Amino acid sequence: MRPGKSTSSLPQNQVEVFSWWTGGGEAAGLDAMIEVFHQKHPEIEFINAAVAGGAGTNARAVLAARLQAGDPPDSWQGHAGQELIGTYVAAKQLEPLNFLYEQEGWLEVMPEMLIPLISQNGQIYSVPVNIHRANMLWYNPKVLSAHQIAPPQTFDEWIAAMEKLQAEGMEAPLSLGEQWTAMHLFETVLLASLGPQDYAGIWTGAVGWDTPQVQRALENYLTVMRFTNSDAASLAWQDAAQLVVNGDAAFNVMGDWAEGFFKELGKTPREDFGWQPVPGTQGTFQFLSDSFVLPANAPHRDAAVAWLKVAGSKEGQDAFNPVKGSIPARSDADRSLYDEYLQSAMDDWQTNTVVGSLSHGVVANDSWKQEIDTALGLFLQSKDVAVFQQALLAACQKSGPCP
Ligand code: GAL
């Protein structure tokens, strides 16, 4: 344990907030919310304990070690859904926040569907700052028109477009990064192949992992992987996304934090990058939500509560989200602050069928997700669909709802 961090009777003049937002549009969003915090609490020093690595791949391990050692930060970023409930709540690491929801009137402004995903036994455990969309296809409009390709509307059109691009000399039309981005791509192809109802069903046990439709989804994934770059493992999500705006790849599947990154690069929407749902997933919003928590033994509890109030406020969310490339969790945001893409995401969030993301904590707890990740890593090497399907079934039986 670090000196001076062991009791909550410490002076409340600092707050340590833990996240994985260190660059590429993400840090800028966090900075905008920190600025709101500074204005409201000039007396509290903000310690930004962010650990680099997209989707929290490194940060989550560092956090786990700190929690294990009894050295929690004052607040940390955790995804709404099974990541929160099945990991931190299950380990009794969090303090319930019902008092803040009552005080701040948050039940009236936070999405009703989100509350059960951050609650257990009537206790609410986190403060959602945003809604992100996972099933987005980003493309380079100039590359597509140079090859006379229209943005693909169906899965088959997408494959045909990538075959054409390959035949015309673009070796890897679909850019990919390190392994978590392969899982991100995987969940969107599952959704495109299964449709929203069966996709939701594989996480609840209503649809078996050993069914022919899952087999077809895995075959589709194998097909899509044929179009990706061979150096994927060494690229961060930002590197992979950048291949599209640089014109070195035509497509990238990534959550809408990519939009925050493109804007940070000074790229122009529609000209330098286009977007649409991953072909075959139109009408479905595969969501995730970043939220902040209060540890059961926060070293600076009062300061942490002050941070959470900013994270849940309209002002905090309207500062953070337009830069981060996400829409606010709150329903009363100032729409005029959001760009064309984000306004369209706001509309889709209201009208689409909503399903949860795997890579970003909604549908599976950490152990199940970890087992899927291991199976996926082996599959990326072996390309053996039958073995992969068997491993996915075993993972669901071990850590998910499968009998
Ligand atoms: C997600 C997170 C997003 C974004 C992304 C890439 O897990 O929810 O806010 O940070 O990782 O790092």
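On the basis of being open to solvent by less than 60 Å² (accessible area, probe 1.4 Å) and in contact (Cβ under 8 Å) with a residue 40 or more places away in the chain, does Ala240 make the cut? Show your work before the answer.
Working: open to solvent by less than 60 Å² (accessible area, probe 1.4 Å): yes; in contact (Cβ under 8 Å) with a residue 40 or more places away in the chain: yes.
Considered against the rule, which asks whether it is open to solvent by less than 60 Å² (accessible area, probe 1.4 Å) and in contact (Cβ under 8 Å) with a residue 40 or more places away in the chain, Ala240 comes out as yes.
Please go through the range 196-212 and give me each residue that is open to solvent by 10 Å² or more (accessible area, probe 1.4 Å), of a type outside the set (Phe, Trp, Tyr) and in contact (Cβ under 8 Å) with a residue 24 or more places away in the chain, ordered by number.
We begin by selecting, within the range 196-212, every residue open to solvent by 10 Å² or more (accessible area, probe 1.4 Å); these are 196-198, 200, 203-208, 210-212.
Now drop any that are not of a type outside the set (Phe, Trp, Tyr), which leaves 196-198, 200, 204-208, 210-212.
Result: Pro196, Ala200, Thr204, Gly205, Gly208, Asp210.
Considering the range 245-259 alone, what residues qualify as being over 20 Å from Ala28 (Cα atoms) and either away from the ligand (no atom under 16 Å from the Cβ) or not aliphatic (A, V, I, L, M) (or both)?
Within the range 245-259, the first condition is being over 20 Å from Ala28 (Cα atoms), and the residues that meet it are 246-253.
Within the range 245-259, Asn246, Gly247, Asp248, Ala249, Ala250, Phe251, Asn252 qualify.
Which of the strands (runs of 3 or more DSSP E) contained wholly in the range 268-316 include at least 2 residues that are more than 14 Å from Asp256 (Cα to Cα), at pLDDT 95 or above and under 22 Å from the mean Cα position of the chain (by Cα)?
Details: elements: 274-277, 284-288, 290-292.
Passing ranges, in order: 290-292.
Looking at (1) surrounded by fewer than 20 Cβ atoms within 10 Å (Cβ to Cβ); (2) of a type in the set (A, V, I, L, M); (3) in contact with a Gly (Cβ under 6 Å, 6 or more places away or on another chain), can you tell me which one Val362 breaks?
It fails just one condition, (1).
Which pairs do you get when a residue that is farther than 14 Å from Phe46 by Cα, found in the range 16-31, comes within reach of a residue that is of a type in the set (A, V, I, L, M) and near the ligand (Cβ under 8 Å from one of its atoms), reach meaning Cβ atoms under 8 angstrom, with the pair 6+ apart or on two chains?
Taking only residues 6 or more apart or on different chains, the pairs are Trp20/Ala55.
So Pro141 fits all but one of (1) modelled with pLDDT under 95; (2) surrounded by fewer than 18 Cβ atoms within 10 Å (Cβ to Cβ); what number is the exception?
The one condition Pro141 does not meet is (1).
Could you run through the range 280-313 and say how many residues are closer than 17 Å to Val15 by Cα and of a type in the set (Phe, Trp, Tyr)?
Initial filter on the range 280-313 (closer than 17 Å to Val15 by Cα): 291-312.
From what is left, the residues that are of a type in the set (Phe, Trp, Tyr) are 292, 307.
Summing the residues that are closer than 17 Å to Val15 by Cα and of a type in the set (Phe, Trp, Tyr) in the range 280-313 gives 2.
Of (1) open to solvent by less than 20 Å² (accessible area, probe 1.4 Å); (2) among the polar types (S, T, N, Q); (3) away from the ligand (no atom under 16 Å from the Cβ), Ser126 satisfies all except one. Which?
Every listed condition holds for Ser126 apart from (3).
Identify, from the list Thr87, Thr57, the residue that is out of contact with any Leu (no Cβ under 6 Å at 6 or more places or on another chain), open to solvent by 50 Å² or more (accessible area, probe 1.4 Å), among the β-branched types (Val, Ile, Thr) and touching a residue at least 40 places away in the same chain (Cβ under 8 Å).
On the way: Thr87 fails: open to solvent by 50 Å² or more (accessible area, probe 1.4 Å).
That would be Thr57, the only listed residue that is out of contact with any Leu (no Cβ under 6 Å at 6 or more places or on another chain), open to solvent by 50 Å² or more (accessible area, probe 1.4 Å), among the β-branched types (Val, Ile, Thr) and touching a residue at least 40 places away in the same chain (Cβ under 8 Å).
Within the group Ala160, Ala233, which residue is touching a residue at least 24 places away in the same chain (Cβ under 8 Å), part of a helix (DSSP H, G or I) and open to solvent by 20 Å² or more (accessible area, probe 1.4 Å)? I'd like the intermediate steps shown before the answer.
Numbers: Ala160 fails: touching a residue at least 24 places away in the same chain (Cβ under 8 Å).
It is Ala233.
Take the residues of the range 33-45 that are touching a residue at least 40 places away in the same chain (Cβ under 8 Å) and surrounded by fewer than 18 Cβ atoms within 10 Å (Cβ to Cβ): which is farthest from the ligand (Cβ to nearest atom)?
Restricting attention to the range 33-45, the residues satisfying the condition of being touching a residue at least 40 places away in the same chain (Cβ under 8 Å) are 33, 35-37, 40-41, 44.
Next, from what is left, pick out any that are surrounded by fewer than 18 Cβ atoms within 10 Å (Cβ to Cβ): 35, 40.
Values: Glu35: 18, Lys40: 23 Å.
Step by step, filter the range 33-45, then rank; the result is Lys40.
Please enumerate the residues belonging to the range 260-292 that are open to solvent by less than 10 Å² (accessible area, probe 1.4 Å) and either more than 17 Å from Ser19 (Cβ to Cβ) or away from the ligand (no atom under 16 Å from the Cβ) (or both).
Phe262, Phe273, Gly274, Val278, Pro279, Thr281, Thr284, Phe285, Gln286, Phe287
Those residues that are at negative phi and open to solvent by 70 Å² or more (accessible area, probe 1.4 Å), I need them from the range 144-157; list them, please. Lay out the reasoning, then the answer.
Going through the range 144-157, the residues at negative phi turn out to be 144-147, 149-157.
Within the range 144-157, Ser145, Ala146, Ala150, Gln153, Asp156, Glu157 qualify.
Inspect all residues belonging to the range 47-54 and state whether any of them is away from the ligand (no atom under 16 Å from the Cβ) and open to solvent by 30 Å² or more (accessible area, probe 1.4 Å). It would help to see each step written out before you state the result.
Let us first name the residues in the range 47-54 that are away from the ligand (no atom under 16 Å from the Cβ), namely 47.
Now restrict to residues that are open to solvent by 30 Å² or more (accessible area, probe 1.4 Å): 47.
Yes, the range 47-54 contains a residue that is away from the ligand (no atom under 16 Å from the Cβ) and open to solvent by 30 Å² or more (accessible area, probe 1.4 Å).
Going residue by residue through the range 293-314, is there one that turns out to be buried (at least 22 other Cβ atoms within 10 Å of the Cβ) and within 16 Å of the ligand (Cβ to nearest atom)?
yes
Please verify whether Gly377 is open to solvent by 10 Å² or more (accessible area, probe 1.4 Å) and within 27 Å of Gly78 (Cβ to Cβ), treating the condition exactly as stated.
Details: open to solvent by 10 Å² or more (accessible area, probe 1.4 Å): yes; within 27 Å of Gly78 (Cβ to Cβ): yes.
Judged against the criteria, Gly377 is a match.
Which condition number does Ser193 fail, the rest of (1) within 16 Å of the ligand (Cβ to nearest atom); (2) crowded, with 20+ Cβ neighbours inside 10 Å; (3) of a type in the set (S, T, N, Q) being met?
All conditions are met except number (1).
So for the range 210-219 (the condition being over 23 Å from Ala55 (Cα atoms) and part of a loop (DSSP other than H, G, I, E, B)), does at least one residue qualify?
Looking through the range 210-219, at least one residue is over 23 Å from Ala55 (Cα atoms) and part of a loop (DSSP other than H, G, I, E, B).
The values are calculated or read from the model by the stated rules, or taken from the named source; none is laboratory data. Please read all numbers here as calculations on a predicted model, not as lab measurements. Every residue, glycine among them, receives a Cβ derived from its backbone with ideal geometry; neighbour counts consider all protein chains shown. Side chains are part of the model used for accessible areas, which takes the heavy atoms of the whole protein and leaves out ligands, DNA and RNA. Shrake-Rupley method; radii C 1.70, N 1.55, O 1.52, S 1.80 Å.
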